[in-house]
Amino acid sequence: MEEPRIGVILCTCGDVLKSKIDFDSLKTFAENLPGVEKVIVTKDFCKQPEKQAAELKGKVDALIFGGCSERSSLQFNEDRIEKLMVALGLDPAAWETLNLREQCYYIHDDIEQINNKVKDMLLMAYEKVKTNVPALKEENLKKKVLVVGGGVAGQRCAQALSDLGIETTLVEEKPYLGGNAARIALLWQSESSPSFCTSECVIPVVGRDTMIKDNIKVMVNSEIAGVVKENGDFKVRILQKAQKVDPTKCISCGECAKVCPVEIPNPFNLGKTKRKAIDKDFPLAIPDSYNIVDSACTNCGKCVEVCPTNAIDLNAEDKYVEDEFGAIVIATGIDGKDMSAYEELGYKYPEVVTLFEYERYVANNFFGKKPKEISFVLCKKDDVGYCSRLCCLATVKAAAILAKNHPDVKVKVFYRSLRTTGRTFEELRRRAEKGGVEFIEEAVERIEKDENGKLLIKGEKGTYSSEMAVLAEPLIPSQIKLTNMLNVQTDQFGFPLEFQPRVINPIETYVERVFVAGSAKGFKDVQESIESGLGAAVKVYKALKGQNKKYYSVIDQDKCSRCETCLMCCPHGAISLKNAESEEKTIVEIDPNLCRGCGLCYSACPSKAIKFSNLEDEQLIRMAEVAFKHLPKDKPRILAFLCYWCAYGAADLMGIKLKEKLPENFRSIRVRCSASLSLDVIAEIIERDLADGIIVAGCPKDNCHHIWGNYMQENRIEMFKESLKMLGVNDKIVRWEYIGVPNGKKLANVIREVNETLLKVKGGSHVEA
């Protein structure tokens, strides 16, 4: 590879750094490095970087920046650097930094050793940037989105994408749009307003907008049959159930239902009302077209005869539709757990229903048989392992409405810990109590019937009678089949995990360009689900523009042994098994467009078949070779490999925030996930005596940006240390630490401890006792 022409930009941070760093000497040192074309020294580079670097345009191929931290700088971080590189016409990966401010100036005081260290830091950046390869530019992603789930979150997401000019396919497994919200009679407005809106208004309004928007293809009665990832896109196979009534022709006149001779229980209303074999699930269902229940249809053909638009084809069959998408939004909502699992709660009795089922009773005026006593039973959170959040809220809503609209009905609420969070629900609870609702803090143990057929609710403290019992069913994820197809990581309950740091990456899953919206990601009411859907649209829009990836992995198929170790390591669903085009065999393939650049696969590959752009072992070794070139021989050499976000961020705060002072013989290398560091690198550093102490630090427990990377690396390091002992290697320190951004003091203490231990050994070489 041809050596790049290198430009070096050194910033004195308003000349503050000059009090410890000799920039004239550093400039001269840089100018004497082969391939360095120009060195610029400035005091405020972060303010007008494009203007100050303009003279380098067309004259250099790569840049080295020396000044503040590319990780923690509030004005000139790595994203700002990439913006500058693009403006200068340079490859977005052709840069490196030396962290003069956070990890030199602020943590050291020995002027001579500081100036020795900055030269080593420059050499490390220089050796690295010379071997950097071009960034992967995502330029040909499909500008098309698949939204799975036609509830309010999925619909609002599709509508927003349509407004942004993005073509969207909306897939819903039911014959109608609206999701769970369509089943709920009265929807609370918001956390700030204790008022209600009927779903018979909301659902048609949202659904109608979906149907009339440009760029939205609606596929109801459909499901995802398969997904294949290729070149950053998703090839999706969709099973569309037989459309025996063409929604593009049906005018919803109802003539077909009038002549249909088959009447069946309507599942939408719990089977307590009737519908025809050809009918709508409910009058205001969207799409506004009729559908046929195949299991009930006799194919008599009477509907065909009366249809004025020839919309009916009784011979229509299921079909598969294949399409490609650049992004997928999971908006599949939630399900209620089957309460028949709790035999003690009497769900077998027709008078015992779930909260979701109760909503259909309310919508249909209790089907003409209003009970005189209704008891609500909360909750089963201890059984499923979490609080479903919406149960208490839905219960106080129902109780308040009963108290207002049906004051003759005696209402009891059995609870263990009532969680009426927020303004609306505290107000509804007060209204319910004022209206005579009895809130009983008591766990219900059994629901039985007496000899007269009346329900007996048996609690810890007593037995209560009721004509109707409403069970708050635990809410569970409904998208597990889809998340498995996409290799989306979920928590132990089956809900998709959001990418770290989750607090600032809501909606993003661990799989590139797969997002999760609405209650599919957690328990949300209608307004919150809509907010989530709209947020997802913005995320999708940005993601489809593509990005420049400095770090990504690819597999050399000639070296790959097909062991599938990488497949098991990858937390991002970027690795898959595929059939080779030229041979009848299965190959393992990394899609770099879906790779998040964690490096777990790279360090785990036993065949060294994976290339990890811009953090190869060879690059790390070259950095280690020069890391201590200017360090006096009597000083121990401490080299820390710090993970990209947490540990490196902690190191940046050691001095500027915590005022820690460290020995000047400490050097750091910023890696991606801590587990991207191969044990081969550590072994070579030890074998060649390139360092005396090696610290590897990764994210805190339960907070790794790549889920299990920190655990992988801790286990490796511990095994590696045991191997060193078995081999009789006793003159080096190798240490693992969990370090989060707030743990700068802990990291500083670790560095000092390693240094003090090494100083006790003659010559500065030591093996951990």
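The values are calculated or read from the model by the stated rules, or taken from the named source; none is laboratory data. It should be emphasised that the depicted structure is a prediction, and the values quoted were computed from it without experimental measurement. Glycine gets a Cβ as well: all are built from the backbone with ideal geometry, and neighbour counts include every protein chain shown. Each accessible area value is taken on the protein alone, full model and side chains, heavy atoms only, with ligands, DNA and RNA left out. Shrake-Rupley method; radii C 1.70, N 1.55, O 1.52, S 1.80 Å.
Eigen-decomposition of the gyration tensor built on the alpha-carbon atoms of the stretch 664-719 gives equivalent ellipsoid semi-axes of 22, 13, 9 angstrom, largest listed first. Extents of the stretch 501-620, largest first, come to 53, 37, 24 Å (Cα atoms, principal axes, whole angstrom).
Under Stokes-Einstein, with the Kirkwood radius over Cα pairs as Rh, the value for the stretch 181-295 at 25 °C and 0.890 mPa s is 146 µm²/s. Across q = 0.16, 0.18 Å⁻¹, the stretch 118-268 modelled as identical point scatterers on its alpha-carbon atoms has Debye log10 I(q)/I(0) values of -1.04, -1.21, in the order of the q list. With Cα atoms as the point set, the stretch 564-616 shows a radius of gyration and Dmax of 11.2, 33 Å.
Relative contact order for the chain using alpha-carbon pairs under 8 Å, separation at least 6, rounded to a whole percent? In percent, rounded to a whole number, it is 12.
Sorting 654-663, 305-314, 465-474 by average packing, meaning the other beta carbons within 10 Å per residue, from highest down gives 465-474, 654-663, 305-314.
For the chain, list log₁₀ I(q)/I(0) at each q in 0.08, 0.11 Å⁻¹, using the Debye formula over Cα point scatterers of equal strength and ignoring solvent, two decimals each. For the chain, the Cα-only Debye profile gives -0.81, -1.16. Our summary of shape: the Cα atoms of the stretch 205-251 have principal axis extents of 41, 24, 15 Å, ordered from largest down, in whole angstrom.
With helices as the sole contributors, the chain gives -8500 deg cm²/dmol at 222 nm; each DSSP H run of n ≥ 4 counts as -39500 (n - 2.57), and the sum is divided by every residue. Give the average over all directions of the projected area of the C-alpha convex hull of the stretch 84-192, one decimal, in nm². Average of the hull's projected areas for the stretch 84-192 equals 14.6 nm².
A quarter of the convex hull surface defined by the alpha-carbon atoms of the stretch 1-146 gives 10.3 nm² as the mean projection.
Largest accessible area first, the residues Met712, Met339 order themselves as Met712, Met339 under a 1.4 Å probe with ligands, DNA and RNA left out.
Just need the Rg to Rh number for the stretch 629-769, please, alpha carbons only, Kirkwood Rh. Reported Rg/Rh (Cα atoms, Kirkwood Rh): 0.95. Computed over protein heavy atoms with a 1.4 Å probe, the accessible surface of the stretch 196-305 works out to 49 Å² per residue.
Surface composition of the stretch 508-615: carbon plus sulfur atoms contribute 49% of the solvent-accessible area (1.4 Å probe, protein chains only, all chains present).
Considering Cα pairs under 8 angstrom that are at least six residues apart, work out the relative contact order of the stretch 56-152 and quote it in whole percent.
30
State the percentage of accessible surface on the stretch 139-242 attributable to carbon and sulfur atoms; use a 1.4 Å probe and exclude ligands, DNA and RNA. Carbon and sulfur: 45 percent of the exposed surface of the stretch 139-242. Summary of packing: across the peptides 254-261, 330-337, the per-residue average of other C-beta atoms within 10 Å ranks them, highest first, as 330-337, 254-261.
When nucleic acids and ligands are ignored and a 1.4 Å probe is applied, His630 ends up with an accessible area of around 50 Å². Where the alpha-carbon atoms of the stretch 520-584 are placed on the principal axes, they occupy 52, 27, 22 Å, in descending order.
I need the Debye-formula profile for the stretch 321-380: one equal scatterer per C-alpha, no solvent, reported as log10 I(q)/I(0) at q = 0.28 1/Å, two decimals. Here log10 of I(q) over I(0) equals -1.36. Summed over all non-identical Cα pairs, the Kirkwood treatment of the stretch 387-452 gives a radius of 12.6 Å.
Averaged over residues, the count of other Cβ atoms within 10 Å places the peptides 496-504, 31-39, 388-396 in the sequence 388-396, 496-504, 31-39, highest first. Expressed in Å, the radius of gyration and Dmax of the Cα atoms of the stretch 86-142 are 16.1, 55. Note on the stretch 373-524: Kirkwood hydrodynamic radius from all Cα pairs is 17.5 Å, rounded to one decimal.
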